[in-house]
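The values are calculated or read from the model by the stated rules, or taken from the named source; none is laboratory data. Computed from a prediction, not measured in an experiment: that's the story for all the values here. Heads up, the Cβs are rebuilt from the backbone with ideal geometry, glycines too, and the neighbour counts pull from every protein chain shown.
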Ligand SMILES: [Zn+2]
């Protein structure tokens, strides 16, 4: 892949990562805000906030953390020069697909197999 193209995918991935991180920080600020409003923490409130945090963590793990992991791995592949190659069959992933899913490590054919 051309260096220029690679650079534009790198930028896109970093932007995506920043967006996710921003979302995580905003979610956490909401939680922090809730805590401050409540003043004295009652037992009831404490339970509710623990529940909320657990729920949030689970959601993060499912969506954002997976996404962050995939983005980081894609950035690593750019650094090591293997970006744009399918991890299953070793063929080049089409640029159309990378435009749509810049963090993917599978070509269309291999992604469909699962
Ligand atoms: Zn493949």
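Let's see how each residue does on (1) modelled with pLDDT of 95 or more; (2) within 16 Å of residue 1 (Cα to Cα); (3) within 11 Å of the ligand (Cβ to nearest atom); (4) surrounded by fewer than 17 Cβ atoms within 10 Å (Cβ to Cβ):
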{"residue": "56", "(1), (2), (3), (4)": "no, no, no, yes"}
{"residue": "71", "(1), (2), (3), (4)": "yes, no, no, no"}
{"residue": "84", "(1), (2), (3), (4)": "yes, yes, no, no"}
{"residue": "89", "(1), (2), (3), (4)": "yes, no, yes, yes"}
{"residue": "98", "(1), (2), (3), (4)": "yes, yes, no, no"}
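Restricting to segment 100-114, name every residue that is more than 12 Å from the ligand (Cβ to nearest atom) and either assigned to a helix (DSSP H, G or I) or farther than 13 Å from residue 9 by Cβ (or both).
Step one: list which residues in segment 100-114 are more than 12 Å from the ligand (Cβ to nearest atom), which gives 100-103.
Within segment 100-114, just 100 meets the criteria.
Looking at this structure, is residue 13 modelled with pLDDT of 95 or more and within 10 Å of the chain's Cα centre (by Cα)?
Details: modelled with pLDDT of 95 or more: yes; within 10 Å of the chain's Cα centre (by Cα): yes.
Taking the combined requirement at face value, the residue satisfies it.
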